[in-house]
1. Please find, among PRO511, PRO516, the residue that is within 26 Å of VAL91 (Cα to Cα) and out of contact with any Gly (no Cβ under 9 Å at 6 or more places or on another chain).
2. Looking at the structure I just gave you, is ASP471 free of Cβ contacts under 8 Å to residues at least 60 places away in the same chain and surrounded by 14 or more Cβ atoms within 10 Å (Cβ to Cβ)?
3. Kindly establish whether LYS980 is in a loop (DSSP other than H, G, I, E, B), modelled with pLDDT of 75 or more and not polar (S, T, N, Q).
4. When only residues in the range 100-114 that are closer than 19 Å to MET14 by Cβ and β-branched (Val, Ile, Thr) count, which is surrounded by the most Cβ atoms within 10 Å (Cβ to Cβ)?
5. For the range 474-503, what are the residues that are out of contact with any Leu (no Cβ under 9 Å at 6 or more places or on another chain), in contact (Cβ under 8 Å) with a residue 60 or more places away in the chain and among the hydrophobic types (A, V, I, L, M, F, W, C)?
6. Please work out which one of (1) touching a Gly at 6+ places or on another chain (Cβ under 7 Å); (2) assigned to a loop (DSSP other than H, G, I, E, B); (3) crowded, with 20+ Cβ neighbours inside 10 Å is the condition LYS97 fails and give its number.
7. Is at least one residue of the range 81-93 under 24 Å from ASN12 (Cα atoms) and surrounded by fewer than 17 Cβ atoms within 10 Å (Cβ to Cβ)?
Amino acid sequence: MAGTISRIRLENFMCHSSLHIELGEHVNFITGQNGSGKSAILTALCIAFGCRAKNTQRAATIKDFIKTGCSYAAIAVDINNQGEDSFKPDVYGNLIKLERRITESSSSTILKDQHGRKVANRKDDLNEIIEHFNIDVENPCVIMSQDKSREFLHSGNDKDKFKFFFKATLLQQVNELLETIRDQLNNADSVVQELEKSIKPVMRELDELREKIKNMEHIEEIAHDIDNLKKKLAWSWVYEVDQQIEEQTVRLQKLKERIPACQERIDRNTVVIDDLKKELTEKEELVRSLGDKTHEVNSMKKSMEDNIAEVVKLKIELEAEHERGTRTLEKMNGRLKQMQAEASQIEEDMQNIQREIDYLDSNVTRLREEEKEFSEELSGIQKSISDIAKEIAESDKRILQLKSHMDGLQQRQSNTVTAFGGQKVLKLLQLIESNHGRFRSPPIGPIGAHLQLASESWSVAVDFACGGLLDAFIVSCHKDLQVLRECANRVYYNNLRIIVYDFTRQRLIIPDGSLPTTEHPTVLSVIQSENHTVLNVLVDQGHAERQVLVRDYEVGKSVAFDHRMRNIKEVYTSDGFRMFSRGSVQTILPPNKRPRPERWCSSPAEKIAELKNEVDGIQRIISEKNAQRRKLVNDRSNLEQKIANLKRKREPEERHLMNKKVQLEDGRRATAENNRHAAVDTTELEEDIKEEKNNIEQKELSLQKTNVKLTAALREVNDRRTAFKTFMDSVNEERLHFSSANDELDLVKRKIDAAQQEKTHYEGVMTTKVLPDIKTAEAEYADLQQRQQEYFKKASIICSESDMEALSHVAGSTPEQLSAKINRLKQRFDQESRRYAESIDDLRALHDKKERKILRKQQLYAGFRVKLNSCQKALDLRWKKFQRNAGLLKRQLTWLFNEHLGKKGISGFINVDYKSKVLSVELTMPQDASRDTVRDTRGLSGGERSFSTLCFTLALHGMTEAPFRAMDEFDVFMDAVSRKISLDTLVDFAVAQGSQWVFITPHDISMVKPGDRVKKQQMAAPRG
């Protein structure tokens, strides 16, 4: 397991001149007399992993650990670095060597790889290893020294227990960190408040400066207004003449518009006359067409009425003939029923005689034999039904497997990557792409997506050989592993396997002597990949070059077991069997019963079609089997009914046998004679009835067809009648329109006469009045244009017309009004200019400089405030999570505490008060008949108190994680019984938890059961 300790070497450390300790991967006991240097081992571990000398409670400074008379001390610790949790295996290998050297003046730490080569010597590198493996030597649940054991086990103080719990669960570390952050945020908030207050005086100065600039801008505005008014005055003369020209233009335009108005009236009346003539022609044509249509509709109406009359006559005849046939059929049915009643009476008499014969004893033996035969046949049918049911169940199971296989192939068809992790791997790849900047090198994976097979026939064998490696990802460093693990957790891909490997490593060249000596291919020889890192990982992690592939089962057994070839790790058959031998043990593992989709299928669509055909074939077989089962069930029912009937046919009367036979024979002869005559009559009557029924059915069919035709004809007549009515209404309406059109035509002629008179009137007005007025207006217009040109030349000397376009209210003021306004503004400008002596440009430059400075500070302080608020929210959230976790840890502690106490028959409860910082333990002893609770552990014996405290410690161990743990003199103050129970409890707990444990005690541990996971070591006695 990565992070465990395999070897400790001490040189000139405390009482040891030279000490070598080999530790097992699970439970280690180190015993020895007092003074033999057992506790120095744990002290050396603490110092090697960076603990301060004062925190070990063994020395004030680190140089005090040097053995008396020596100039230095050295500590060497070998840390296992294997498995998925290994730390930088590409750098350190399978073993990390930590060396700490102490001299009188200094101390140093060196980290080496498995070959003893120096890798790092900085404390940060050591801290990185400690954080990766979660090794906190100052946590009493990781290393409980001799002093801590005695102090904790002997103390009954609730506050001491709380401190131990608070520190062991790392709650103290988190609480101190949150409190530190809160203090820092409060200090930062005070600083930001002071900074925000510091800019208020500068803001007031800026406001005063703005007011001053505003007053001076008023004087500028007055001077600017005077210049603008002078320009307006010059152009006001121009605009005044322009206004007069516009008015004259409007007047002239109105006079000219009178001529087109008269002409337009004449043209409009002419167009109206033409339109009315065209309308009259259209009305006459419409009346002629309406007459033709009316004649055609009348002809169609008469033809339809004749057809309807003929169909109705045919219907009446068919109904009469159908009624006659029905009456004849009723008579024949009555006669047939009479003959059937007579035959029924004769049959009833014969049945009475047969029932009497059925009771005769001569048929008992025959009936029993038939019953036995039917029973045997029924058993056979029952067995057949059961076999068919089993076959159907197996077929249904096969269909479910094939559908599951098809679903996997469909996912593979949409995206080949889904074959190696499903939809989760797609989400993971998208998240990797969005976080590509966080990776030192892009991860490679899944591995199966980067492989191609030389032949699809080996797909099942390669799938079982590589196993989970096909779904794994490869990263180049431990940092990328952490980033990829974070991404996998975000998409809930929790069991993702991640391999750290050097991407720069060249393709591995495998010597021929390391390959299997067989003609059969290996996994490495049938796979291909463009990425050599993928092939290197399959060789290093999966031993692909030593996994041999064979076609069938018997060849695989021969290769794996008979020939004993070198360099063969495992043999896989094409259908998934796995074979290997370890020493003399030969193992054959069958393939997984649940078939997996073929992850290297080159044509998923064809495979899906093939599977669908197989499913359809199985379903057809199931349908046939169900039909067979239904037939067998019916046969079973019939047989059961027959057996029941046979059971009722027993015990006839034997003495009347002969008489009943004669009577039965006479009755049969009479019945046969009667039946022969009755059968002839009945047959003839039935034939007549059948023929009559056929005639009636044909007539009914004809009647139905006639009814259909009649209904269609009536519907067509109704539709045409409706259309004819609508058409006639439209014709009448058109006639009315034609009459009104003639009236309108007369009206138009009268309007033409009126328009001619109006035209003559307007021609006289235009000659006598309009044209002279136009000539006078044109002369006045020419005079105004000459004046406008003179004023324009004078105004252009003062300013251009384009400059005047930016000024407002120019044309609305008279020259006299503008002159008066200029005089008033000049007087006001003289008065305001005497109040200020500073330049407005200097004040504006000063204002802009201060404003930019204040704005930068405000933005900076606002950014500080936003960050502080975010930090405060994050702190509040973490504080709530801390309190919730603290409550959960309190309940978990009580559960684990009771679990360990129960091994001695004791029950208890732990109450943790975070506010008062106390932890109280309540126990109920088994020997106490009153079952009173012991609230003060000091009232217990030394052994009971030590055992309860040990259970409390183990409960804390169960709540913390660490690769190794150590306890020194844990069984102090215990009696023999408590020590026995404590040792068994500790060993069981350590073996179940799986991490490495080191127990140090001066007492006898012979009662500890030896095992593969328990290692005992005895320290040498101290020298006198």
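The values are calculated or read from the model by the stated rules, or taken from the named source; none is laboratory data. Everything numeric here is computed off the predicted structure, so don't read it as measured data. Glycine also receives a Cβ, built like all others from the backbone with ideal geometry; neighbour counts cover every protein chain displayed.
1. On the way: PRO516 fails: within 26 Å of VAL91 (Cα to Cα).
Being within 26 Å of VAL91 (Cα to Cα) and out of contact with any Gly (no Cβ under 9 Å at 6 or more places or on another chain) holds for just one of PRO511, PRO516, which is PRO511.
2. Numbers: free of Cβ contacts under 8 Å to residues at least 60 places away in the same chain: yes; surrounded by 14 or more Cβ atoms within 10 Å (Cβ to Cβ): yes.
Yes; evaluated as a whole, the condition is true for this residue.
3. Working: in a loop (DSSP other than H, G, I, E, B): no; modelled with pLDDT of 75 or more: yes; not polar (S, T, N, Q): yes.
No; evaluated as a whole, the condition is false for this residue.
4. ILE102
5. Of everything in the range 474-503, those that are out of contact with any Leu (no Cβ under 9 Å at 6 or more places or on another chain), in contact (Cβ under 8 Å) with a residue 60 or more places away in the chain and among the hydrophobic types (A, V, I, L, M, F, W, C) turn out to be ILE474, CYS477, PHE503.
6. Among (1) touching a Gly at 6+ places or on another chain (Cβ under 7 Å); (2) assigned to a loop (DSSP other than H, G, I, E, B); (3) crowded, with 20+ Cβ neighbours inside 10 Å, the lone unmet condition for LYS97 is (2).
7. Just the residues of the range 81-93 that are under 24 Å from ASN12 (Cα atoms), to begin with: none.
Scanning the range 81-93, I find no residue that is under 24 Å from ASN12 (Cα atoms) and surrounded by fewer than 17 Cβ atoms within 10 Å (Cβ to Cβ), so the answer is no.
Every residue, every condition in (1) in a helix (DSSP H, G or I); (2) more than 21 Å from SER375 (Cβ to Cβ); (3) at pLDDT 75 or above, yes or no:
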residue: ILE621; (1), (2), (3): yes, yes, yes
residue: ALA627; (1), (2), (3): yes, yes, yes
residue: LYS631; (1), (2), (3): yes, no, yes
residue: ASN638; (1), (2), (3): yes, no, yes
residue: LYS647; (1), (2), (3): yes, no, no
residue: GLU651; (1), (2), (3): no, no, no
